[in-house]
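**Q** The structure is given below, and queries will be raised subsequently.
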Amino acid sequence: MTAYPKVAVVILNWNGKFFLEKFLPSVFNSTYPNIEFIIGDNASTDDSLAYVRQNFPKFTILENTENLGFAGGYNAILEKVDADYFVLLNSDVEVTENWIEPVIKQLESDPLLVACQPKIQSYHQKGHFEHAGAAGGFIDYFGFPFCRGRILDKVEKDEGQYNDPIEVFWATGAALFIKAHAWREANGFDADFFAHFEEIDLCWRLKRMGYKIGYCPNSLIYHVGGGTLNTSNPQKTYLNFRNNMVMMQKNLPLGQAIWRLAMRLWWDLFALIKFLVDGKRKDAWAVSRAHQYFFRNFFRNARKRTKYPKKYNNKGQYKNSIIWDYYVNKIHKYSELDENNFH
């Protein structure tokens with residue numbers, strides 16, 4: 001790059017002083033020359049902002065008047081940010097040296113490439129991929145997401161097997177690099193999602209517009225994960241199942257949406273039964289609540305559908321069921337999947 005486009009690293013905070021104390025120093029030491037650091041606050045009630053003001057006075061603080069969630073919170077904050085690139089960075093992320101430059105270089109190389117993620121390893125188990133993003137995201141026929149390096153709950157060790165920069169279906173919201181014009185063109189996140197699946201929904205909409213989503217292996221970050229909602233939290237279960245169905249309703253062609261959602265309800269029924277068998281009654285009820293929301297708001301969300309292009313970028317969609325492959329075919333690694341089954 002002969003000139004450095006302006007990058008705004010935006011960390012959304014809600015009562016996250018613990019993570020800010022732990023990880024802001026690594027972010028602040030970023031070497032990219034044209035950068036602005038921003039804390040977007042979702043009406044925190046702890047003293048996290050006082051900590052930032054005292055210890056990181058060069059950080060810009062932008063405040064929301066209420067907790068708008070991950071999706072609505074970022075939408076409101078980014079309306080006030082002027083930059084060429086936004087980096088949506090979770091507060092529970094430790095960055096490494098030179099983590100910004102290679103991603104921006106990759107994005108600058110292709111005008112159609114508008115969003116990208118770095119390689120994500122686990123903060124608590126360095127050398128292993130992390131659940132939320134790993135080495136780039138994909139989606140199966142029934143809307144279930146998975147990653148290179150992570151299928152369902154099986155996370156791979158990073159042995160350099162995914163060190164190629166490729167086009168993916170979605171990039172993680174834990175460290176999402178996105179061109180500001182593309183963010184605005186897509187109108188950002190769907191604020192109704194609150195949290196979970198908003199980044200996949202955004203990437204899907206961008207791909208329908210003909211854009212590309214990328215993965216950059218030359219940038220590495222470490223993610224704690226589960227920092228906002230614990231992985232066993234029934235509210236997380238509710239948001240995951242609810243938002244996944246809404247995302248499919250919004251983004252699939254009409255005929256496919258009807259068919260795939262009908263089948264998806266059966267998969268969800270199996271999940272509900274499994275929760276009951278495992279004694280997780282609150283999670284089972286969360287699945288039921290998600291379905292109730294979906295049907296209660298069916299027509300409201302149907303109005304969010306936009307005209308489907310005759311040609312669109314569906315690269316990264318998996319033509320089969322990742323659930324079937326995992327449980328029946330015993331495929332637990334991305335490298336074991338047949339590349340011919342991807343668009």
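The values are calculated or read from the model by the stated rules, or taken from the named source; none is laboratory data. Every value quoted in this text rests on a predicted model; they were computed, and no experiment measured them. Here Cβ is always computed from backbone atoms with ideal geometry, including for glycine, and neighbour counts include all displayed protein chains.
**Q** Determine whether residue 164 is surrounded by fewer than 18 Cβ atoms within 10 Å (Cβ to Cβ), within 24 Å of residue 322 (Cβ to Cβ) and without any contact (Cβ under 8 Å) to a residue 60 or more places away in the chain. Walk me through how you get there before you give the answer.
**A** Details: surrounded by fewer than 18 Cβ atoms within 10 Å (Cβ to Cβ): yes; within 24 Å of residue 322 (Cβ to Cβ): yes; without any contact (Cβ under 8 Å) to a residue 60 or more places away in the chain: yes.
Considered against the rule, which asks whether it is surrounded by fewer than 18 Cβ atoms within 10 Å (Cβ to Cβ), within 24 Å of residue 322 (Cβ to Cβ) and without any contact (Cβ under 8 Å) to a residue 60 or more places away in the chain, residue 164 comes out as yes.
**Q** Moving on. Checking residue 159 against (1) touching a residue at least 24 places away in the same chain (Cβ under 8 Å); (2) of a type in the set (Asp, Glu); (3) surrounded by fewer than 23 Cβ atoms within 10 Å (Cβ to Cβ), which test does it fail?
**A** (1)
**Q** Give me the residue from the range 333-343 that is touching a residue at least 12 places away in the same chain (Cβ under 8 Å) and in a loop (DSSP other than H, G, I, E, B) and, out of that set, farthest from the chain's Cα centre (by Cα). Break it down stepwise before answering.
**A** Taking the range 333-343 as the starting set, the residues that turn out to be touching a residue at least 12 places away in the same chain (Cβ under 8 Å) are 333-335, 337, 341-343.
Keeping just the survivors that are in a loop (DSSP other than H, G, I, E, B) gives 333, 337, 343.
Working: 333: 20, 337: 22, 343: 21 Å.
Among them, the one singled out is 337.
**Q** Are there any strands (runs of 3 or more DSSP E) wholly within the range 1-111 with 1 or more residues that are within 21 Å of residue 217 (Cβ to Cβ), and if so which? Steps first, please.
**A** Values: elements: 7-13, 35-42, 60-64, 85-89, 93-95.
Result: 7-13, 85-89, 93-95.
**Q** Taking the conditions exactly as written (of a type in the set (Phe, Trp, Tyr), touching a Pro at 6+ places or on another chain (Cβ under 8 Å) and part of a strand (DSSP E or B)), does residue 162 satisfy them or not?
**A** no
**Q** Exactly one condition in (1) touching a residue at least 60 places away in the same chain (Cβ under 8 Å); (2) crowded, with 16+ Cβ neighbours inside 10 Å; (3) in contact with a helix residue (DSSP H, G or I) (Cβ under 7 Å, 6 or more places away or on another chain); (4) closer than 30 Å to residue 94 by Cβ is false for residue 218; which is it?
**A** The single condition residue 218 does not satisfy is (2).
**Q** With the condition being surrounded by 18 or more Cβ atoms within 10 Å (Cβ to Cβ) and not assigned by TED's automatic domain parsing to the domain that holds residue 154, I'd like the helices (runs of 4 or more DSSP H) fully within the range 230-332 carrying at least 3 qualifying residues.
**A** Numbers: elements: 234-251, 254-277, 281-296, 298-302, 322-327.
Output list reads 234-251, 254-277, 281-296, 322-327.
**Q** Which of the residues spanning the range 189-206 are under 13 Å from residue 251 (Cβ atoms) and not in a helix (DSSP H, G or I)?
**A** 190, 197, listed by residue number.
**Q** State all residues of the range 180-204 that are of a type outside the set (A, V, I, L, M, F, W, C), buried (at least 19 other Cβ atoms within 10 Å of the Cβ), modelled with pLDDT of 95 or more and more than 15 Å from residue 118 (Cα to Cα); if no residue qualifies, say none.
**A** Correct list: 188, 190, 198, 201.
**Q** Still on this structure, please answer the following. Can you go through 173, 149 and tell me which one is buried (at least 23 other Cβ atoms within 10 Å of the Cβ) and on the phi > 0 side of the Ramachandran plot?
**A** Numbers: 173 fails: on the phi > 0 side of the Ramachandran plot.
The match here is 149.
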